[in-house]
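The following block contains the structure, expressed as C-alpha cells.
The values are calculated or read from the model by the stated rules, or taken from the named source; none is laboratory data. Since the model is a prediction, treat every value here as computed from it, not as a measurement. Backbone-built Cβ (ideal geometry, glycine too); neighbour counts: all protein chains shown.
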Amino acid sequence: MTVKETYDHMMSLAAELADLESAAALLGWDQETNMPEKGIEGRAHVSATMAGVRHEKLTHGELHDLLLELKEVGGDMGPENKAQVAALWRTHDRASRVPGELVKRMAKTRSEATAVWGQARKNKDFDGFAPKLSEMMSLQKEYADALGHDGTAYNALLEEYEPGAKLADIERVLNEVKDFLIPFVKAIADSGVEPDLKCVLGPYDTKKQGEFGAMVIKAMGFDLGGGRVDVSNHPFCSGIHGGDVRLTTRYKDDLRVGLLGTIHEAGHGLYEQGALAAHARTPLADIQSLGIHESQSRMWENNVGLSHGFWNHFFPKLQDMFPEHLASTDVNGFYAAMNDVRPSLIRIEADEVTYNLHIVLRFEIERDLLAGNIEVKDLPEVWNEKFRTYFGIVPPTPDVGVLQDIHWAAGYLGYFPTYTLGSLNAAQFYAAAGRALPDLEEQIARGDFIPLRDWLVENVHRWGSSFAPNELMERATGKPTNAADLITYFKTKYGELYGLS
Ligand code: ZN
C-alpha cells in the first residue's frame, strides 16, 4: 500500500470508531432525558455491548499496524495528517495497555461503587462506602500501573483528561490559586457587603426561564437548528456530532441555577459546533482536553454571563419577562446578587470564586489517597479539617461533605483539577480576546456576542485536538496555562463589588 492508501484506510477505521461513539453518546443522552425508568437494565446491556465493540475495534491489530506504519512516515505526511495519526494513536495506545480482564473488573466495580455511594450518601454514612472506595482506589492504582508512569501514578490518570499534564505543574498552579483565594474569600466575608439575594431566589416560572435561556444562547451564537435543549438531573452537553449538539439544564426557584447552567452547557456546545466540518468523523474532532473544553463553558458562564455588560443588555429583557419579581430592582443590585460570594458546602452550587477552593481540596485529597499518604478510613476527618482551613466552616454530615460527589465512586481520579484548569484557561482566553477585540466590553454591553464567538472559533474551536493543551494556550494567548489572568479578573471584579482595596 502507498502511504496515501494506508492513511485512507486508517481514516476509514477512525470514521467507524467516531460513528460508534456518536451512537453511544446518543444512548447516553436518551438515558438521562427520555428513557422510561424500567429501561435501565436493557439499556445497560446495549451500552456494554457497544463499549465492547468499540474497544475491540480500537485495539485491533490491523489498526495498530496501520498507525505504527504511519507514525514512521511522520512529518512527510503534512502536519494535519500527522496530527490525525497522533490523536488516534494516543487513544489506541492507552486502550491497548489495559488488559480486557481489568477493564471488565473496573466496569463492575464502578457500577457497584456508584450504587453503594448513592445509598451511603442518602444515609449520611461514610463507613458504608469506605470498603468499596478502598477497592476502587486499589483498582485505580492497578489501572495507573497498567497504563505506565514515571513513578507518579497520578500522572497516568491525569493524562486521561488532560494530555501532557503533570502532577507537579498542576500542584504549582493550584497552590498559587489557593494562596490567593483563602485570604481573598475571607476579605470578602469580612467586607460587610451583603447583596440582597431576593431578586435571584424567585421562585421563577420554569417555562419562562427556559424561554429566557433560549434567547440568551441564541444571542451567543448557539445554533438551535443543529442542537437542542432538554432537562436532566445533572446538566451536560453531548456533541452527538457536529450537526447535532444537545444541551441539558435543570431549573430551580433560584434563577442562577437554570440560567447559568444553560449558558455553561451552551459554551460547551459552541465548542462542539465550532469544530471544522473537515474534521467530522476524524480523530481530531475528538476533544481530548477537559481543561480546554471546560474553559469554553466557564468563559461564557462567568467571564461573560456574570459580567456587568452582559446584564446591561439582558436585565431590561429579564425585567420585562418577570416584572413582579424585578420591578423594584436595578441592574446594579441584580448584578451584585448574581455575583454573591460566600463559603458554602456544596461544590456544584458554589460561586465562581469559592468554587476553585472546592477543587483544590478535592485535588489534594485524591493525590494523597493515591500516593498512600492518607487512608480511606480517615477521609471524613481529613475533609472536614481542610474545609475548616479553606472555608472557615465544617460540614455537619458527610452527605454535604466528603460524600457529595460521584467522581471517586466512579473512578474518575485526576478529573477534578480540570475544572479549575477550565477557569484559568477561561480567564486567559477572555483576556486574549480582549486584546484582539479592543471594544469587546462594548460589544457585550450591546448584546453583540458574535465577534467573541468568532474569535473562539478561529483560535480554539476549529483546531479540535490538533495541539496539546498548553500548545493551544500558547498559540491563542501567548503563554501556557497559569494563574495570573484569573487572579487579576477576581481582584478587579470582586474588589469593586466588595469594596476591597
Ligand atoms: Zn462543564
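Select, from Lys122, Lys141, Lys132, the only residue that is modelled with pLDDT of 95 or more, closer than 30 Å to Thr249 by Cβ and either among the aliphatic types (A, V, I, L, M) or not assigned by TED's automatic domain parsing to the domain that holds Gly372 (or both). Working first, answer last.
Values: Lys141 fails: closer than 30 Å to Thr249 by Cβ; Lys132 fails: closer than 30 Å to Thr249 by Cβ.
Just one listed residue meets the conditions, Lys122.
Suppose we filter segment 413-461 for residues that are hydroxyl-bearing (Ser, Thr, Tyr) and either surrounded by fewer than 18 Cβ atoms within 10 Å (Cβ to Cβ) or touching a Phe, Trp or Tyr at 6+ places or on another chain (Cβ under 6 Å) (or both); how many remain?
If we filter segment 413-461 for residues that are hydroxyl-bearing (Ser, Thr, Tyr), which is where we start, we get 415, 418-420, 423, 430.
When the remaining residues are screened for being either surrounded by fewer than 18 Cβ atoms within 10 Å (Cβ to Cβ) or touching a Phe, Trp or Tyr at 6+ places or on another chain (Cβ under 6 Å) (or both), the result is 415, 418.
The qualifying residues number 2.
Can I ask one more? Working only within segment 269-298, note down all residues that are within 22 Å of Gln443 (Cβ to Cβ) and within 11 Å of the ligand (Cβ to nearest atom).
Gly269, Tyr271, Ser295, Gln296, Ser297, Arg298, listed by residue number.
Let me ask something additional. Pick out, from segment 312-408, the helices (runs of 4 or more DSSP H) lying fully within it that include 2 or more residues that are touching a Ser or Thr at 6+ places or on another chain (Cβ under 7 Å) and either under 29 Å from Phe449 (Cβ atoms) or touching a residue at least 12 places away in the same chain (Cβ under 8 Å) (or both). So that I can check it myself, show each step before the final result.
Values: elements: 323-326, 331-338, 355-370, 379-391.
Helices (runs of 4 or more DSSP H) meeting the threshold: 355-370.
Could you grab me the full set of residues in segment 222-235 that are at pLDDT 95 or above and surrounded by 18 or more Cβ atoms within 10 Å (Cβ to Cβ)?
Scanning segment 222-235 gives Phe222, Gly227, Val229.
Among Ala327, Ala371, which is the only one that is among the hydrophobic types (A, V, I, L, M, F, W, C), farther than 18 Å from Trp117 by Cβ and at pLDDT below 95? Even if it seems obvious, please write down each step before you answer.
Details: Ala371 fails: at pLDDT below 95.
Every option except Ala327 fails the conditions.
Every residue, every condition in (1) closer than 17 Å to Ile348 by Cβ; (2) of a type in the set (Gly, Ala, Ser), yes or no:
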{"residue": "Phe391", "(1), (2)": "yes, no"}
{"residue": "Thr397", "(1), (2)": "no, no"}
{"residue": "Asn425", "(1), (2)": "no, no"}
{"residue": "Ala433", "(1), (2)": "no, yes"}
{"residue": "Phe449", "(1), (2)": "no, no"}
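Pick from Leu456, Leu472, Leu413, Leu421: which is assigned by TED's automatic domain parsing to the domain that holds Glu301, within 16 Å of the ligand (Cβ to nearest atom) and within 15 Å of Pro163 (Cα to Cα)?
Numbers: Leu456 fails: within 15 Å of Pro163 (Cα to Cα); Leu472 fails: within 16 Å of the ligand (Cβ to nearest atom); Leu413 fails: within 16 Å of the ligand (Cβ to nearest atom).
The unique qualifying residue is Leu421.
Of the residues Leu224, Leu247, only one is assigned by TED's automatic domain parsing to the domain that holds Glu458, within 16 Å of the ligand (Cβ to nearest atom) and either aliphatic (A, V, I, L, M) or free of Cβ contacts under 8 Å to residues at least 24 places away in the same chain (or both); which? Explain how you work it out, then say what you get.
Working: Leu224 fails: within 16 Å of the ligand (Cβ to nearest atom).
After applying the criteria, what remains is Leu247.
Which residue pairs have Cβ atoms closer than 6 Å, lie 6 or more positions apart in sequence or on different chains, and pair a first residue in segment 158-185 that is farther than 10 Å from Leu357 by Cβ with a second residue that is part of a helix (DSSP H, G or I) and among the polar types (S, T, N, Q)?
Tyr161/Thr418; Glu162/Thr418; Lys166/Asn155; Leu167/Asn155
Considering only residues that are more than 16 Å from the ligand (Cβ to nearest atom) and under 24 Å from Pro235 (Cβ atoms), which ones fall in segment 299-313?
Passing the criteria: Ser307, Phe310, Trp311, His313.
Can you confirm whether Pro480 is assigned to a helix (DSSP H, G or I) and without any contact (Cβ under 8 Å) to a residue 40 or more places away in the chain? Walk me through it before giving the result.
Details: assigned to a helix (DSSP H, G or I): no; without any contact (Cβ under 8 Å) to a residue 40 or more places away in the chain: yes.
No; evaluated as a whole, the condition is false for this residue.
Ok, one more. Consider segment 250-259. How many of its residues are surrounded by fewer than 22 Cβ atoms within 10 Å (Cβ to Cβ) and within 16 Å of the ligand (Cβ to nearest atom)?
The total comes to 3.
Listed here are the residues, each with its yes/no results for (1) under 23 Å from Lys208 (Cβ atoms); (2) β-branched (Val, Ile, Thr).
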residue: Tyr251; (1), (2): yes, no
residue: Asp254; (1), (2): yes, no
residue: Glu265; (1), (2): yes, no
residue: Asp286; (1), (2): no, no
residue: Val304; (1), (2): yes, yes
residue: Phe314; (1), (2): yes, no
residue: His325; (1), (2): yes, no
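If you don't mind, another one. In segment 31-52, what residues are surrounded by 14 or more Cβ atoms within 10 Å (Cβ to Cβ) and touching a residue at least 12 places away in the same chain (Cβ under 8 Å)? Break it down stepwise before answering.
Start the filter on segment 31-52 by keeping residues that are surrounded by 14 or more Cβ atoms within 10 Å (Cβ to Cβ), which leaves 31-33, 35, 43, 46-47, 50-52.
Those that are surrounded by 14 or more Cβ atoms within 10 Å (Cβ to Cβ) and touching a residue at least 12 places away in the same chain (Cβ under 8 Å): Gln31, Glu32, Thr33, Arg43, Val46, Ser47, Met50, Ala51.
Collect the residues in segment 330-346 that are over 19 Å from Thr492 (Cα atoms) and buried (at least 18 other Cβ atoms within 10 Å of the Cβ), keeping them in residue-number order.
Across segment 330-346, the qualifying residues are Pro343, Leu345.
Does Gly151 satisfy the criteria of being outside any helix (DSSP H, G or I) and in contact (Cβ under 8 Å) with a residue 40 or more places away in the chain?
Values: outside any helix (DSSP H, G or I): yes; in contact (Cβ under 8 Å) with a residue 40 or more places away in the chain: no.
No; evaluated as a whole, the condition is false for this residue.
Being away from the ligand (no atom under 16 Å from the Cβ), more than 19 Å from His325 (Cα to Cα) and surrounded by 17 or more Cβ atoms within 10 Å (Cβ to Cβ) narrows it down to one residue among Ile263, Ile182, Ile217, Ile170; which is it? Walk me through it before giving the result.
Numbers: Ile263 fails: away from the ligand (no atom under 16 Å from the Cβ); Ile182 fails: surrounded by 17 or more Cβ atoms within 10 Å (Cβ to Cβ); Ile217 fails: away from the ligand (no atom under 16 Å from the Cβ).
From the options Ile263, Ile182, Ile217, Ile170, the qualifying one is Ile170.
A follow-up question, please. How about segment 110-137: which of its residues are closer than 16 Å to Gly401 by Cα and surrounded by fewer than 19 Cβ atoms within 10 Å (Cβ to Cβ)? Before the answer, list the steps.
Going through segment 110-137, the residues closer than 16 Å to Gly401 by Cα turn out to be 117-130, 133.
Listed by number, the residues that qualify are Gly118, Gln119, Lys122, Asn123, Lys124, Asp125, Asp127, Gly128, Ala130.
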